[in-house]
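Reviewing the structure listed below.
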Amino acid sequence: MPAEEMGKASRKLRLAFAISSVVFVAVLAISPLKDYFAPWRQYKRAYARFANTRPDTKRLLADYHSGIDQIWIPELKVVDRCTTCHQGITQPSLMDASVPQPFRAHPSIPHHALDWGCVVCHRGQGLATEVREAHETTLGWEQPLLPTHFIQASCGVCHQSDIPETPQLNRGRQLLVDLNCFRCHRMNVSERIYVPPPDLSNIGHKASREWIYKWLKEPRTILDSDGNVVTNGYANEPRMPQFRLNDAELRDLSAFLSTRQNEPLGSHQIDPRIVAAWQKKPDVADQGETRFRQMFCTTCHAVAVTRAGQTQLIGGNIGPELTKIGSKVNEDWLIAWLRNPQSYFGYAQMPRYQWSDEDLYKVSRYIMTRLTDSDLLSDVPKMDPPTPAEIQAGKQLFVGKGCANCHGIQGIKAPKEFGPDLSAVGSKTVSELMFGDAKIPHTLVDYLRSKIENPTSVNTTAAMPQYHLKKEDVSALITALLSMTRRPDAPAFAKLVVRATPSKFQPAGQFGELYDRYKCYLCHQFNGYGGTLAPDLSFEGSRAQKAWVVSFLKNPQTLRPASTFRMPQFNFTDAEASTITDYLEMVMQSPQVNPNPDNSSKTSPELVALGKQLYEVKYQCQSCHTIGATGGYVGPNLSNLGSWMRPAWIAAWLKNPQALVPGTIEPRREFTDQEIQALSAFLMTLKQTPTSAKAGSAAGGSR
Amino acid sequence: MDEKKKTETGFGSDALKDPRRIVFITKKTSAKVKGDVGRQAMSYPKLILREAIVLEILTILMVVVALFWDAPLEQLANPLLTPNPAKAPWYFLGLQELLHYFPPIVAGVLIPGLVIVALIVIPYFHVNVEGAPLWANSSLRRLGMFSVVVVVLLIFFGIYQAWTIFIPTLVMAGVAGTTYFLPGQGGRFGTYLRARPLSWWIMTWFIIVAIILTEIGTHFRGPGWSWVWPWR
Amino acid sequence: MTSWENTIERLRRTPVWQSLFRRGPARTNRTRSVAVFGNIFLHLLPVKVRDASLRVRATYYLGSITFFLFVILTVTGVLLMLYYHPAVPEAYQDMKDLRFVVSSGVFLRNLHRLAAQAMVVFVFWHMFHVFYRGGYKPPRQFNWVVGVGLLLLTLFLSYTGYLLPWDQLAFWAITVGTNIISYVPILGQPMRFLLLGGHGIGENALLRFYVLHIVILPLFAIILIAVHFWRVQKDGGITLREEHGRKEKD
Amino acid sequence: MSEPKNPTVSSSLEKPEDKEGLSRRDFFNEIAAGALGVAGLGAFVVSVRYLSPNVLFEPPTNFRIGPPSDYQVNSVTYLANQEVYIVRTSDGLFAQSAICTHLGCITQWKPELEMIACPCHGSKFRKDGSVEHGPAPRPLQHFAVRMMPDGELMVDLLELVKPTQILKV
């Protein structure tokens, strides 16, 4: 072979090189092509095409550019590229539901969307420019988009007290308290009206072992064959959940509880003469029922009533439901309780009424004979007297099942950290959750739903008892749980948190005693604390006239006679009524209303006539308000306003109703000062004689 | 070919033109001086062109795979959240598997250290440079030594219940032993195996065990380093 | 001659070209040799190789592939460095940015990662192949040791690169890996402490791994690769199957 | 090894390639060289695309600065994040750059002198941005200020305006 052949590349080799070079070029071109056809670029182009079909093309494309859009808020550590595809979120003309996603505008909210970015509320991966990565749980991002149904949870991250825009969240937070979730799980629940589950130190006085057995097995709730909760005369929202207990456990626990009689029962004797006098009367229970109704027990307690074949609960939910209470309690205990609830439970919420022995006897007879169910305990097995072994086993179960976390009992301490810590459950990642064998999507929301609906679905050995909740309550609970997140680690967030106002209103002094004794806060609001059943009394001192308050306290039945919920007859003494009235006048004042106005002298018949004219003609107030027998029912009845409300309040109210009662539907009219004077003067002339005061309305606010 | 003898000696240019030059061959002269160099080719362009083609094909394959396979990226590192199992990069999973069986000092230090030291020192022990077959000389004595070493190894692995090493070792020893006891059997493959030197057997054993351990560590280990089937 | 060839030819006559390459077209063995000798990169190769060593089955180009993977890694690595901050948590966000907003960013990262894994595979494969060919035997002992050094460097390069994305995979793989180091008696803990720049894997560890990954280890690798290539030439070319064994005996 | 330094050996072997082989080789070489040229060019373009960032982590060029009531009449407010002065005079309100037109130092408002001074080379500007004295060649740059529908002001750094353009508030 000639030496030069050593150095000549063969034709085959050169051909191979040429081919591989060409393929090389072709392959290198794929990456830029892939970039060019990136999904986000296609959304960009689609938006431009879409905008061209809209009438306001120019405005829609004003900020358009072909690159990636980004919201960058360093203080919040927000880097959101959501607007790369969701390009129309700030365009008011794209708010309509007919606009295809992802171009639809964001519904209007109190915050500037662009000041906050998207993921602060919606979660998901703001950095992503791919559909799946941005919205779902992926290998690189665990926190998926928060389903819109639970979006109120995001409001709750910063707004730690209730705001009117988030009813579902507020309901959920209330449920966390009402259902005692926070007794087993660590979580931040702002201070709310809370009726603790009964202390069981003396339960042996109150209920029989058979009843306890039945209750532990099926606390009120009865399921039909389809697994739905049926009322059957019981409240369908028992606070007591159902524990999964077998017969032996039920026997042990009932044995333990029925022997709890740590303290002697309070005064339960009724004057024997009264007993002797009433014992034989056939209508003692009927009379008791009448008294029961007169006392408006149903304001707090519900009773199932069957009307026209339909069973229905009538009454409030502040106290326990009483439909079958006669089958539960011992009569001696009942009398002692009615006399002085606090003698049995120091913390009892029930007010101490001033019963006469006669009333007490009648009402207790009514409860023990009429509010009963003979079938209630029919399926409870026959039980021998409790043995020490049973009692001992019951005591252990009481701690082991977590009973002690909710129910106080003398001699037993609740174990700490009984349930898992839920204070940051909302930012739990999927990998921190154990799904077990549950056939559910692996997301936090589905986990929470499954766990709440059936605690054993994701963990067969779960200690958590079974609650029977309506679908919307489960959603509310999930919302509240999702709102409990680890604080985002940006310092700017700390500033943004709207802390729950320290709400507990606890007055001191004489009024404080009465306030505690009669539990005013269960129904009334005081400076943002209290129940919502009855009117807010925060500004009552500015609103109502003193004489009116006194007369109302003495006889509350003059207001709202047709309502189930009515202020009970507390039988206040004169001294008590005056203490309350003085306190209201001194303390419960609105800063918007001058407490000592001097404009009473300005009233004149001309002014009253002008006011009447304004009321009837110019502003047509009668379309909502009633005076005497004519007018609308949207607003309160004004017939007795002159003896009820203070003129300064009326003037301030007319000027700006929302300043006094935020959220009231009373329209804010631009009255002139003279018109306000005239209207107040006219309204103050509206007075009813006490005998015809029945048509008076609830309160000043149109709540 | 003219140039075939002159290139490797490092001495002269053209032996024909310059016959006076003499090459001294001593014991220390490298073995290849004796070798026939064979036909030669110019590196430029023959080798370089081939290398270029290899580079291009390699790049093409890499690019195609890189376009359709995404490099994994998991969550942001979170020191509070340990994944179960926490695995090292795949090339250390054999080591991690060893750590599962042996005390850390053995698995983490002794074995890898010995392997590296062995790799470094083997060229300096001029053992069997010719690559004579395992059973070529004094084979009965060799068989004895071989058996003792294998039994000691198996006992060692057995004590630590390292079955994923025990089994391949047993199989390899079995195959090597078979070539001794059944000479002339097994056709071409048998002949091939019988011609293998000891170094071949050791290296093959090492590679097989390493691959098996790495594969087990990668795909067959789940939470708590328990055994899982990858297809489950 | 085509116009293309003419252009090249004219280009070759320019003083600039001649000052750069000092030779004409490589059409003769002499100029071909000059082409290899005159190029700082090519001169690591021999001017001539045996025909037998050009056969695919002689090497499967395993060494070349390993080296080319190193080249791919260097090129993609340098480009990736331009978008990478060795800090917590920016490092992780940079990965997201590479994927989601940088043009071809994800492609370069994929390529880098893939080539890194492939390099580990090929460096092992190359070593085993050379072993079976008897490449560790005299006179190539030293180059075998250099090769073992390159194997360790490759593993260490791949390992240090593993931490850089700062994701869960990286963090825990490195945690497990560095804990293996700490089993070394006496020296283990101090070694781990030095490597991590602390007791746990944090920002210091990230920075150290980064510097090791982009400067120190590649520098050593480049030097050893050069030595490795050069020694292949000096030790008489690659090992061919026939070299030892039967032929040795005659 | 061949002796490359010995010209007599190899030069005698030099001879022209045969025509056919040459043209065939050239054809393949041209394809390969052309393809590699395209690849090189493409790699360059892709690299340039790669190196030009698609997103920037820079302060936004337009930002809200709150309602006009945040700024008192006859006051100069320095917004450090944006390096902008919000100046409110009895005539109205305007936004001007705090960057010295000389060499780009950040100027400082000296209330006691009623003057904007540059610490680097002593340039001094009046409240309206015009040069009092010093090396600065031009008055400070003014930016557009707009009233948003919600009553807040918006400054747009990309829209430069004449110093005479003042938002009446």
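The values are calculated or read from the model by the stated rules, or taken from the named source; none is laboratory data. Since the model is a prediction, treat every value here as computed from it, not as a measurement. So basically every Cβ, Gly included, is an ideal-geometry build from the backbone, and we count neighbours across all protein chains shown. Quick note on the areas: whole protein, heavy atoms, side chains included, nothing else; ligands and nucleic acids left out. Shrake-Rupley method; radii C 1.70, N 1.55, O 1.52, S 1.80 Å.
Overview of results
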| item | result |
| --- | --- |
| One residue from C:220, C:193, C:229 being in contact (Cβ under 8 Å) with a residue 40 or more places away in the chain, part of a helix (DSSP H, G or I), open to solvent by 20 Å² or more (accessible area, probe 1.4 Å) and more than 14 Å from chain B (Cβ to nearest Cβ) | C:220 |
| Output for the range D:143-166, where each listed residue is part of a loop (DSSP other than H, G, I, E, B) and of a type outside the set (A, V, I, L, M) | D:149, D:150, D:151, D:152, D:162, D:163, D:164, D:165 |
| Residues of the range A:18-39 classified as farther than 29 Å from residue C:98 by Cα and open to solvent by 30 Å² or more (accessible area, probe 1.4 Å), total | 1 |
| The listed residue being more than 14 Å from chain C (Cβ to nearest Cβ) and under 30 Å from residue D:35 (Cβ atoms), out of A:99, A:23 | A:23 |
| Meets criteria (more than 21 Å from residue B:113 (Cβ to Cβ), among the aromatic types (Phe, Trp, Tyr), touching a residue at least 12 places away in the same chain (Cβ under 8 Å) and facing chain B (nearest Cβ under 9 Å)) for residue C:162 | yes |
| Filter result (of a type in the set (Asp, Glu) and closer than 11 Å to residue A:585 by Cβ) within the range A:534-557 | A:540 |
| Residues within the range C:9-53 that are free of Cβ contacts under 8 Å to residues at least 40 places away in the same chain, surrounded by fewer than 18 Cβ atoms within 10 Å (Cβ to Cβ) and either assigned to a helix (DSSP H, G or I) or under 25 Å from the mean Cα position of the chain (by Cα) (or both), tallied | 20 |
| Test for residue C:47: is it at pLDDT below 95, in contact with a strand residue (DSSP E or B) (Cβ under 9 Å, 6 or more places away or on another chain) and within 7 Å of another protein chain (Cβ to nearest Cβ) | yes |
| Residues located in the range B:96-126, provided they are touching a residue at least 12 places away in the same chain (Cβ under 8 Å) and open to solvent by less than 40 Å² (accessible area, probe 1.4 Å) | B:96, B:97, B:98, B:101, B:102, B:107, B:108, B:112 |
| Breaking point among (1) open to solvent by less than 20 Å² (accessible area, probe 1.4 Å); (2) out of contact with any Lys or Arg (no Cβ under 7 Å at 6 or more places or on another chain); (3) more than 18 Å from residue A:301 (Cα to Cα), for residue A:364 | (3) |
| Within the range B:32-147, helices (runs of 4 or more DSSP H) holding 1 or more residues that are under 26 Å from residue C:182 (Cα atoms), under 23 Å from the mean Cα position of the chain (by Cα) and more than 7 Å from every other protein chain (Cβ to nearest Cβ) | B:93-101, B:111-121 |
| Test: residue in the range C:112-121 that is facing chain B (nearest Cβ under 7 Å), open to solvent by 20 Å² or more (accessible area, probe 1.4 Å) and of a type in the set (S, T, N, Q) | no |
| In the range A:65-77, the residues that are at negative phi and open to solvent by 30 Å² or more (accessible area, probe 1.4 Å) | A:65, A:66, A:69, A:70, A:72, A:74, A:75 |
| Of all residues in the range A:283-294 being open to solvent by less than 20 Å² (accessible area, probe 1.4 Å) and over 15 Å from residue A:314 (Cβ atoms), the one that is nearest to the chain's Cα centre (by Cα) | A:288 |
| Output for the range A:140-169, where each listed residue is part of a loop (DSSP other than H, G, I, E, B), out of contact with any Cys (no Cβ under 6 Å at 6 or more places or on another chain) and of a type in the set (Val, Ile, Thr) | A:151, A:163 |
| Some residue of the range A:317-330 being within 23 Å of residue A:410 (Cα to Cα), modelled with pLDDT of 75 or more, out of contact with any Gly (no Cβ under 8 Å at 6 or more places or on another chain) and of a type in the set (A, V, I, L, M, F, W, C) | yes |
| Test set (1) free of Cβ contacts under 8 Å to residues at least 60 places away in the same chain; (2) closer than 28 Å to residue A:35 by Cα; (3) at the interface with chain B (Cβ under 7 Å from one of its Cβ atoms) - residue C:97 fails condition number | (3) |
| Filter result (open to solvent by less than 20 Å² (accessible area, probe 1.4 Å) and aliphatic (A, V, I, L, M)) within the range A:80-118 | A:94, A:99, A:105 |
| Unmet criterion (only one of (1) at pLDDT 85 or above; (2) part of a loop (DSSP other than H, G, I, E, B); (3) open to solvent by less than 60 Å² (accessible area, probe 1.4 Å)) for residue A:420 | (3) |
| Residue within the range C:66-81 that is among the hydrophobic types (A, V, I, L, M, F, W, C), over 30 Å from residue C:210 (Cβ atoms) and either open to solvent by less than 50 Å² (accessible area, probe 1.4 Å) or within 11 Å of chain D (Cβ to nearest Cβ) (or both) present | no |
| Test set (1) surrounded by 13 or more Cβ atoms within 10 Å (Cβ to Cβ); (2) assigned to a loop (DSSP other than H, G, I, E, B); (3) aliphatic (A, V, I, L, M) - residue A:62 fails condition number | (1) |
| Extreme residue, modelled with the highest pLDDT, among residues of the range A:184-209 that are of a type in the set (D, E, K, R), assigned to a loop (DSSP other than H, G, I, E, B) and touching a Phe, Trp or Tyr at 6+ places or on another chain (Cβ under 8 Å) | A:199 |
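Conditions tested, residue by residue: (1) over 23 Å from residue D:143 (Cβ atoms); (2) modelled with pLDDT under 85; (3) within 11 Å of chain C (Cβ to nearest Cβ); (4) loosely packed, with under 11 Cβ neighbours inside 10 Å.
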site: D:15; (1), (2), (3), (4): yes, yes, yes, yes
site: D:25; (1), (2), (3), (4): yes, yes, yes, no
site: D:30; (1), (2), (3), (4): yes, yes, yes, no
site: D:41; (1), (2), (3), (4): yes, no, no, no
site: D:46; (1), (2), (3), (4): yes, no, yes, no
site: D:54; (1), (2), (3), (4): yes, no, yes, no
site: D:61; (1), (2), (3), (4): no, yes, no, no
site: D:73; (1), (2), (3), (4): no, no, no, no
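Conditions tested, residue by residue: (1) among the aliphatic types (A, V, I, L, M); (2) surrounded by fewer than 20 Cβ atoms within 10 Å (Cβ to Cβ).
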position	(1), (2)
A:132	no, yes
A:141	no, no
A:150	no, no
A:166	no, no
A:169	yes, no
